[in-house]
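Structure first, then comments.
Computed from the coordinates by the stated procedures, all read-outs in this text should not be read as laboratory data. Small disclaimer: the values here were computed from a predicted structure and weren't measured. When we count neighbours, we look across all protein chains shown, and the Cβ atoms used for this are built from the backbone with ideal geometry, even at glycine.
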Amino acid sequence: MSGATAVRTGRTRRARRRRIGIAALAALLVVLAAGMLMLGKTVYPIDDVVRVIIGQDVPGASFTVGTLRIPRLAAGALAGIAFGIAGSTFQTLLRNPLASPDVIGITSGASAAAVLSLVVLHWSAAATTALALAVGILTAVVIYAAARGGESTGGRLILIGIGVGAMMNAVVQFLVQRAAEWDVSVAMRWLTGSLNGVRLEDLGPLAIAAVVLVPIVMVLSRDLRALELGDASATALGVRVDRARVLLIVAAVALACFATATTGPIAFVAFLSGPIAARIVGAGGSPVIPAALVGACLVLLADLVGQFGFDTAFPVGVITGIVGAPYLIFLLIRTSRLGGSS
Amino acid sequence: MTGSHVLEARSLSSGYSGRTVVDGVDLVLPPGRISVIVGANACGKSTLLKTLSRLIPATDGAAVLDGKAITQIPTKKLALTLGLLPQQPIAPEGIAVSDLVGRGRHPHQKMFRSWTAEDDDAVADALETTGISELADRAIDELSGGQRQRVWIAMALAQGTDVLLLDEPTTFLDLAHQVEVLDLLTDLNRSRGTTIAMVLHDINLAARYADHLFAMRDGHILASGAPQDVVTPALIDEVFGLDAEVISDPVSHTPLVIPRGRHHVSGGQSA
């Protein structure tokens, strides 16, 4: 059957492009990870880094790499993966590139909860994560409830979300000002996201969330690709639309909130990962793995630039913010030209 | 494939937020035939189709497939028999035509079973039937409205269901493309025996292409049957509130509705 051969050829070609894209992103991630471990005040050669990783004692490097740089790398990569998947899931599900959890205020809500818990209440990392998750989900529910009904739910959801996000950022500023005005790095973390001072023992909740939630989202990504065609088409294709949507939203909100509770709401990583991934691997496939890789690469690259690119070290969120903001403006202009709905 | 599956409505009511739009409808879609639901705007024809395809729940009565209420059939299993082309499906940006058509294979695939040769065959077959094989690798965004509608029909075909419902498949298309789409659906019905039911706006195209017409007003079915039995001046007046003559379509010999209107009516022609 020659028609089937042609279909197969096209599909294989797109699959190959996708595989090459994913491999390239994975390779970039490895290079960036190596950079994260090698670079710093003291530059260690790769073999010293490898020896530290496999557990050998290397004077100097064992502390610097093992205690400072590995946690920073792990936090950055995990947060990037979580933000990337959360963002692309939201964007695909709500069929709008503006609808990522960092644009519509969900990570700001989680951040406000985290700063309240850590800086004001002095709760533990686990309790902080739980509170961030609860407030993140609450924020999502509030935005959804406020936006639902009538025409143009999508456009209204985004506008309300941006408003809620601004409000939550004000809460963060208020709490930080009250409690930690002497500590710029704490303030920066909860306002824009930062990897400074992350310890390995803080990463437990985020690591567990990634291990549990990423496979769930991957399994559900088949349903997600049907949901992308609209609720009616997804129903016709046999997807249990409400169940799939709730599971996907909860998983994505949870990923974003766990990451936020650990590193702060690293600006625009969730927002940028999906669209960049689609450029690299092409449209049509599952967005989960490419978006996760792009998210991790973005965070690590931005952190390297922030640490070493300027005379002053900047936290990672400042750099991603500088990159993400123009794209946000571009999308807002395009959306308002198209009539603001959809 | 044969049109052996029977989809029916049994005293079916449904609507939106407490407002009844479809009110106690009984109908049986003749298996292996083309049924068309017609009626004025807001008569409930789209809502009826949506309830038959489980997009909105019945508030009373039931949509029944082969004797079983569709709400009792697991949605994925139902998707193997009952297909639907909604009025405004959404195409993901930049997706290739054959990938989009391939999404129709969703109900045939299991969680960990990857794409198979059977899926490729189904997609190729659907592209061929709809005459868009040469567009397979194009991005959907580059296509015209008529071509896009063929892609969506191809996706529904790839799903391989014996019953296919379509909600105004000719909206937004110019007349030539409307005829093209309806011809295509007739081909499908004849070659595969697919039971087709659709909502159409244009009473004349409906009368030409339907084996069986359902005429609706205010949530009720006023008349049903073969177009030549159903389409009469009295019914057109009742359904559309339109004064019209019905003549024989010179091409298809099906009923052709000629609206009278207030202007441009020359004297001495009234029936």
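For chain B, take N as its residue count and report Rg(C-alpha) divided by 2.2 N^0.38 Å.
Cα-based Rg divided by the globular estimate yields 1.05.
Relative to the first principal axis of the alpha-carbon coordinates of chain B, what is the inclination of helix B:175-192, with its axis defined by its Cα atoms, in degrees from 0 to 90 and to the nearest 10?
60
Please report the relative contact order for chain B, taking Cα pairs under 8 Å with a sequence separation of at least 6, and give it as a percent rounded to a whole number.
25
Can you compute the modelled spin-label distance between A:ALA24 and B:SER191, with each label point 7 Å from Cα toward Cβ, in nm?
4.0
Could you work out Rg/(2.2 N^0.38 Å) for region A:99-195, with Rg from alpha carbons only?
So region A:99-195 has a normalised radius of gyration of 1.12.
When the C-alpha atoms of region B:28-72 are aligned to their principal axes, what extent does each axis show, in angstrom, from largest down?
Sorted largest first, the three principal extents are 32, 27, 15 Å.
Once the dipole of chain A is set up with Lys and Arg at +1 and Asp and Glu at -1 on Cβ about the Cα centre, which of A:GLY84, A:GLN307, A:GLY193 lies farthest towards its positive end?
Ranked along the dipole, the leading option is A:GLY84.
When the Debye formula is applied to the Cα atoms of region B:193-259, each taken as the same point scatterer, what base-10 log of I(q)/I(0) results at q = 0.14, 0.22, 0.28 Å⁻¹?
-0.38, -0.93, -1.44
Averaging the inverse of every distinct alpha carbon separation and then flipping it gives the Kirkwood radius. What is it for region B:91-230, in angstrom units?
Evaluated over region B:91-230, this radius sits at 16.2 Å.
Considering only A:ALA254, A:ALA187, A:ALA15, give the residue with the highest GNM mean-square fluctuation for chain A, with springs between Cα atoms whenever their separation is below 10 Å.
Between A:ALA254, A:ALA187, A:ALA15, it is A:ALA15 that shows the largest mean-square fluctuation.
So if I average 1/r over every pair of distinct C-alpha atoms in chain A and take the inverse, what Kirkwood radius in Å does that give?
About 20.6 Å, per the Kirkwood formula over Cα pairs.
Say we join alpha carbon atoms closer than 10 Å with springs in a Gaussian network model of chain B; which of B:PRO227, B:PRO31, B:PRO89 then has the biggest fluctuation?
Per the Cα network of chain B with a 10 Å cutoff, B:PRO89 tops the list.
Which whole-number value in Å³ per residue fits the convex hull of the alpha carbons of the protein assembly as shown?
173
In peptide B:73-86, how many Cβ atoms from other protein chains are near each Cβ within 10 Å, on average?
So the per-residue partner count for this stretch is 3.
Please check: in the Gaussian network model of chain A (C-alpha springs, under 10 Å), which one of A:SER185, A:SER108, A:SER124 has the largest mean-square fluctuation.
The residue that fluctuates most here is A:SER124.
Per-residue mean of other chain beta-carbon atoms within 10 angstrom of the beta-carbon, peptide A:280-290?
Counting other chains' Cβ atoms within 10 Å and averaging over A:280-290 gives 3.
Got a sec? How would B:HIS264, B:HIS5 order by Cβ neighbour count within 10 Å, fewest to most?
Least to most surrounded, the residues fall as B:HIS264, B:HIS5.
Normalising by the residue count of region A:5-96, find the relative contact order in percent from Cα pairs under 8 Å and 6+ residues apart.
Relative contact order for region A:5-96 comes out at 18 percent.
Tell me which DSSP H helices of chain A clear both cut-offs, 18 Å or more of axial length from alpha-carbon atoms and a mean Kyte-Doolittle hydropathy of at least -0.5.
TM-like helix candidates: A:2-38, A:70-93, A:125-147, A:153-180, A:204-227, A:241-263, A:288-308, A:316-337.
Calculated from DSSP H runs of 4 or more alone, at -39500 (n - 2.57) each and per residue, what is the 222 nm mean residue ellipticity of the protein assembly as shown, nearest 500?
-17500 deg cm²/dmol
Restricting to lysines 8 or more places apart or on different chains, can you count the pairs in the protein assembly as shown with Cα atoms under 30 Å from each other?
12
How high is the relative contact order of chain A, in percent, with contacts defined as C-alpha pairs under 8 Å that are six or more residues apart?
Relative contact order for chain A comes out at 30 percent.
How many percent of the alpha carbon pairs in region A:247-293 exceed a separation of 14 Å?
56
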